[in-house]
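For reference, the structure is listed below as structure tokens.
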Amino acid sequence: MCKVKRRSSFKTFVAGCCFLFALLPVVAGAQLKNIYSQKDLFHPVLAQNGMVASQEATATQIGVEILQKGGNAIDAAVAVELALTVTLPRAGNIGGGGFMLVHLAETGKTVAIDYRETAPAKAGRDMFLDKEGKVDRDLLESHPLSVGVPGTIAGLALAHKSFGSLPWKELLQPAIRLAERGIPVTRDHVFTLLKGRERLHKWPETRRTYYKPDGSVYRVGERLVLKDLAKTFRILAEQGPSAFYEGDLARKIVRFMESHGGIMSLEDLKNYRAVIREPVRGTYRGYQVFGMPPPSSGGVHVIQMLNILEGLPIGESGHNSAQTLHWITEAMRRAFADRSKHLGDNDFLKVPVSGLTSKAYAEELRRTIEPQRATLSSDLGPGDPFPYESDETTHFSIIDRQGNVVSNTTTLNFSFGSGIVVPGTGILLNNEMDCFSAKAGIPNAYGLLGGEANAVAPNKRPLSSMSPTLVLKDGKPFLITGSPGGPRLISAVLLQIIHVIDHGLNIAEATNAPRIHHQWRPDKLRVERDLNPDTRRLLEERGHQVTIANSIGSTQSILKTPTGLTGASDPRRPGALTMGY
Ligand code: GLY
């Protein structure tokens, strides 16, 4: 109880929401054992067989239902992602893209599925610059030109074809039902629709889809029915995933693009491919860490930062102490400086992955860290890893009874992406082109600097921060985690790993612990409001420019412990739920 009281009122409010969500299966009459409750804010959900942690309660419940009826983690992932399209449209999607790590219990193998959007074939490096050479934010963020070729359906289809066990058609059914019958509008939904009203009203079909006929926002508890989306799901169920990329759905997407100044073509859709890649790998204090390779920057930099920190006595310096946070900040500063120069789509340039993730390079960077003094970002640039070179988003985590794992992060980029719903389909499109560097040296919407490596080019994938992560212990799943939050999600994932491995926090404590984020430029150490003020002062005395951040990330994590599976959904954003059985 004391612990709960010490949290900010927001977290207490959200804990209340968690309690209400905990009642959801009971209200729905479902046969699921849900052991999440208010007192669980600092105690994880505990289960023995399988577990799903996602940002939205109904989607989590659907995932557990799939597991309970004999589907594996990959089947559950397909159903959860499709359900999120209905229940969490600001991030869940079939019009965006993402990254999925899959670990297979039988072979012990881990693979990375890249279903990131691609730039259309007619895209060019200066397509977002106006006559004066300035970046045109509207084109980049809320225009048909901002849309990358969607990868989600191709990614889910590839995961399912390669590793799924239940029929594809069956996995579409929960999403069809949800979209057809409608979902009760939540406070979170109302909030995001109010916040996004101006952008979303710009497009008549989006306004028609998500708002009442008079343009007002639905009230909490009213039903939002998505008939066109249900029809699209039915087409995908009956005709298979290729129906998204060829045929009527594709024609509707392209017709809209052509009549509104877009450049995406039928060829772009037909040529889109999700790709199975080798994950990036690292080790941290005896654990094996798997992350997403480029075009994600997350996997590389989580491993790079862990390598830097491995040589420092983080465990002894104490959980969230000023000394620990100083070291973590300096690791973040150096990794994000490298991100600005070296990261992009590996299919288009040589990203120095093995250099960036090498222990030797980390040691070189570690030597530049002063133990008591912040490095000024202006005194630091991207490093040179080559000598060591041998050659608004949402996350869910799933583990099944056999020990198969999915760690999946997916995004439309902004909340509701470009804000464009394709007429007659219910498909909400991403604005992932914003993740390219529209102009070298000009920060994107997340304040991230990028360079040549991430310039726009035809068919290229824009750089991402998404970092679905899997940590193994002795080759077996240990921690499954990930988060939304643009570049801040990389920090959230790093901190989850450190909180658990270095400080022995349980997964709920780790999830609730105050977070920090530094991305090199701007030279600001963002800390959450409930980081101890004394610690903030000590960090400032070391030269860090500390600013208060509202919240950093929203992790959905599962941790395997000797007593069983434990899991926790982040209370920073409402509506999330972890459930096990
Ligand atoms: N859309 C944000 C990212 O991919 O990092």
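Counting other Cβ atoms within 10 Å as a rough exposure proxy, the listed residues Ile183, Ile153, Ile558 run Ile183, Ile153, Ile558 from fewest neighbours to most.
In terms of surrounding Cβ atoms within a 10 Å radius of their Cβ, Tyr361, Tyr446 rank from fewest to most as Tyr446, Tyr361.
For the chain, the 222 nm mean residue ellipticity estimated from helices alone, with every DSSP H stretch of n ≥ 4 adding -39500 (n - 2.57) and the total spread over all residues, rounds to -10500 deg cm²/dmol. Of the GluC sites (Glu not before Pro) found in the stretch 34-116, those that fall in a DSSP loop while having at most 16 other beta-carbon atoms within 10 Å are Glu106.
Taking 0.36 nm per residue of separation and subtracting the current Cα-Cα distance, fully stretching the chain between Lys161 and Arg181 would add 4.3 nm. The spacing between the stretch 374-430 and the stretch 554-581, judged by their C-alpha centroids, is 20 Å. Select from Ile314, Ala83, Ile516 the residue farthest towards the positive end of the dipole of the chain; place +1 on Cβ of Lys and Arg, -1 on Cβ of Asp and Glu, and compute about the Cα centre. Result: Ala83. For the chain, the alpha-carbon coordinates run over 60, 59, 48 Å along the three principal axes, in decreasing order. Cross-link partners for Lys195 among the lysines, with Cα-Cα distance under 19 Å and sequence neighbours closer than 8 places in the same chain left out: Lys212. Antiparallel beta bridges, as assigned by DSSP with both residues in the chain, represent about 90 percent of the total such bridges.
Excluding same-chain neighbours fewer than eight residues apart, the lysines reachable from Lys161 by a Cα-Cα span under 21 Å are Lys69, Lys109, Lys169, Lys270. Each label was represented as a point 7 Å from its Cα along the Cα-to-Cβ direction; for Ser378 and Arg285 these points are 3.7 nm apart.
Each reported figure results from applying straightforward, stated rules to the coordinates on display, with no laboratory input. Here the structure is a predicted model, which means the values were calculated and not measured. Cβ sites come from the backbone with ideal geometry, for glycine too, and all protein chains shown count toward neighbours.
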